[in-house]
Amino acid sequence: MSTDITKLSVTETVAAVAAGDISKANLHATWLDRARLDDLNALSWVADRVKLGGEDGPLGGVPLGVKDLFCTEGVPSQSGSKILEGYLPPYTATVVEALTEAGAPLIAKTHQDEFAMGSSNENCAFGPVLNPWDRGRVPGGSSGGSAAAVAAGLVPWALGTDTGGSIRQPAALCGVVGLKPTYGSVSRYGMIAFASSLDQAGPITRTVADAGLLYSQMTGKDPRDATSVEHPDSVEPVVPMDLTGVRLGVPEELTGEGVEPGVREAFEATLDLARSLGATVAPCPLPHAPHALSAYYLIAPAECSSNLARLDGVRFGLRVDPDEGLDGMYGATRAAGFGREVRRRIMLGTYALSSGYYDAYYGRAQRVRTLISQDFDTAFEDFDAIVTPTSPSVAFELGSKTADPLSMYLSDFCTVPMSLAGIPAISIPNGLSDGLPVGFQIAGPAFSENRILGIAAALEDGLKFDGSPAWIA
Ligand code: GLN
């Protein structure tokens, strides 16, 4: 057994702890040392010491990095925003609490795009996170801190959230695994909301088995989140699925134009790998998918304009010009506290919901959303899973898209349709293009996490990197 704890997967670490080969004290000290090496701006907060708790839980004491937007009692929870700078919540999000109890205590919080709006982490009020593969490039977003921290070996595993791609796209750009679960299968209680009908927490890990392990302890109905449901299946430890006869659908709409040649090549090579393992691969139409981004960029801003109305200088965080009257204080606080992208979306969303325009914009976007869901329902009559590249490009250079929000929005072209449909999807590392990681996305019907994890695990071994240059020495 390797003595370098940090090189073990979490699943291996849990087994080593159970066998008595690694003590929890050693485990926590080792990972605290790793977290303190952060020179990527990936971590927004690091624990002084890892609290014990959930001693004998199934997660073995392996400490967890958690995206800034999860409320954690007494620990800064800022959602990447100046308006919540230094905010210390009086309670902890259900998932973080559940994972602590299951034996994955909090070790660090991770930087993110402000209120999870972004694809590059450049919208973070506390500075961008750097991609550990190339520090001149973005880690993806909005869970870029979590993805970069896992890729660089600063934390053993982490939580992200995904509204339109924010777990999968940064996982792809940092060469790690990211699972966006079925909407409703994980409690949103204590997650600082962006777009409530889309937001979903999920694991960012180094292996598929680790993603399954973390997810198995996150899912469940929470009386404090009315949209949460019990998973109909028990989430099993991940075993690679026998791909013989497994039908994979490739939507032309999400794999053609706009996908970089190097990404396309890596994707095709993985389709060949799947075929060699017995899967069948065939085209699978998703006719409305090209409209997903347009619908998303009405629905998500509409919901955010409503969710962020609570940040007004009265109850949480920043307060500016309290002597200027209520309206003056609201305006001054929100102008000073929100970044450009957040203000842009609040304005778009407020407009889309305004009387006279509601039906033309928000209502129509919701109808497109239904059509997209129906496309997936039809597709899953003939296919076990749908596969696409996770992101049309590899990690781009810092600053290269900040002046052009529409080109930034295109980063989510392949991930947003699944978000609108509420279905689960996983991104796994798919080799390199020009030395930078590519992601392969596998999506399945609602509650098919066991299936997509099994397919991912079957492909994973054939796609491993030789060592990882992202690892901080
Ligand atoms: N990049 C997308 C956006 O900016 C998705 C973000 C997310 O999933 N939180 O909205």
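The values are calculated or read from the model by the stated rules, or taken from the named source; none is laboratory data. Note that the structure is a prediction, hence the values are computed from the model and not measured. A quick note on method: Cβ atoms are made from the backbone with ideal geometry, for glycine too, and the neighbour counts reach across all protein chains shown.
Pull up the stretch 141-193, narrow it to residues that are within 12 Å of the ligand (Cβ to nearest atom) and charged (D, E, K, R), then point me to the one that is surrounded by the fewest Cβ atoms within 10 Å (Cβ to Cβ).
Per the stated criteria, the residue is Asp162.
Do we have Phe126 as modelled with pLDDT of 95 or more and not in a helix (DSSP H, G or I) here?
Yes.
Please work out if Arg369 is basic (Lys, Arg), under 23 Å from the mean Cα position of the chain (by Cα) and part of a helix (DSSP H, G or I).
Values: basic (Lys, Arg): yes; under 23 Å from the mean Cα position of the chain (by Cα): yes; part of a helix (DSSP H, G or I): yes.
Spelling it out, Arg369 is indeed basic (Lys, Arg), under 23 Å from the mean Cα position of the chain (by Cα) and part of a helix (DSSP H, G or I).
Residue-by-condition table, conditions (1) away from the ligand (no atom under 16 Å from the Cβ); (2) buried (at least 18 other Cβ atoms within 10 Å of the Cβ); (3) within 17 Å of the chain's Cα centre (by Cα); (4) within 19 Å of Val14 (Cα to Cα):
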residue	(1), (2), (3), (4)
Ala195	no, yes, yes, no
Thr207	yes, yes, yes, yes
Ser216	yes, yes, yes, yes
Gly220	yes, no, no, no
Met241	yes, yes, no, no
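Test each condition in (1) touching a Lys or Arg at 6+ places or on another chain (Cβ under 9 Å); (2) part of a strand (DSSP E or B) for Phe440 and report the one that comes out false.
(1)
Where the second residue is away from the ligand (no atom under 12 Å from the Cβ) and among the polar types (S, T, N, Q) and the first is closer than 12 Å to Phe376 by Cα and lies in the stretch 406-428, which pairs have Cβ atoms under 6 Å and are six or more apart or on separate chains?
Short answer, once both residue conditions are applied: Ala421/Ser373; Pro424/Thr182.
For residues that are among the charged types (D, E, K, R) and surrounded by fewer than 20 Cβ atoms within 10 Å (Cβ to Cβ), scanning just the stretch 35-71, find the one that is nearest to Trp471 (Cα to Cα).
Among those that are among the charged types (D, E, K, R) and surrounded by fewer than 20 Cβ atoms within 10 Å (Cβ to Cβ), it is Asp39.
Looking only at the stretch 189-244, count how many residues are among the hydroxyl-bearing types (Ser, Thr, Tyr) and either outside any loop (DSSP other than H, G, I, E, B) or within 24 Å of Val416 (Cβ to Cβ) (or both).
Residues in the stretch 189-244 being among the hydroxyl-bearing types (Ser, Thr, Tyr) and either outside any loop (DSSP other than H, G, I, E, B) or within 24 Å of Val416 (Cβ to Cβ) (or both): 8 in total.
What residue, of Val259, Val263, Val281, is part of a loop (DSSP other than H, G, I, E, B) and either under 18 Å from Phe440 (Cα atoms) or modelled with pLDDT of 95 or more (or both)?
Sole residue among the options that is part of a loop (DSSP other than H, G, I, E, B) and either under 18 Å from Phe440 (Cα atoms) or modelled with pLDDT of 95 or more (or both): Val259.
Report every pair of residues separated by at least 6 positions or lying on different chains whose Cβ atoms are under 6 Å apart, first residue within the stretch 150-164 and within 16 Å of Gly175 (Cβ to Cβ) and part of a strand (DSSP E or B), second within 16 Å of the ligand (Cβ to nearest atom) and of a type in the set (D, E, K, R).
Pairs found: Gly160/Lys67.
Mind checking which residues of the stretch 427-455 are within 17 Å of the chain's Cα centre (by Cα) and of a type in the set (Val, Ile, Thr)?
Listed by number, the residues that qualify are Ile428, Val438, Ile442, Ile452.
Of all residues in the stretch 402-417 being hydrophobic (A, V, I, L, M, F, W, C) and surrounded by fewer than 20 Cβ atoms within 10 Å (Cβ to Cβ), which is farthest from Gln366 (Cα to Cα)?
Ala403
Tell me which residues, restricted to the stretch 402-417, are within 12 Å of the ligand (Cβ to nearest atom), assigned to a helix (DSSP H, G or I) and closer than 21 Å to Thr182 by Cβ.
Asp412, Val416
Just give me the residues in the stretch 297-342 being of a type in the set (A, V, I, L, M), in contact with a Gly (Cβ under 6 Å, 6 or more places away or on another chain), farther than 30 Å from Pro417 by Cα and in a helix (DSSP H, G or I), in sequence order.
Within the stretch 297-342, just Met329 meets the criteria.
If the requirement is being within 16 Å of the ligand (Cβ to nearest atom) and surrounded by fewer than 19 Cβ atoms within 10 Å (Cβ to Cβ), which of these qualifies: Leu420, Leu348?
Values: Leu420 fails: surrounded by fewer than 19 Cβ atoms within 10 Å (Cβ to Cβ).
Criteria check complete, one pass: Leu348.
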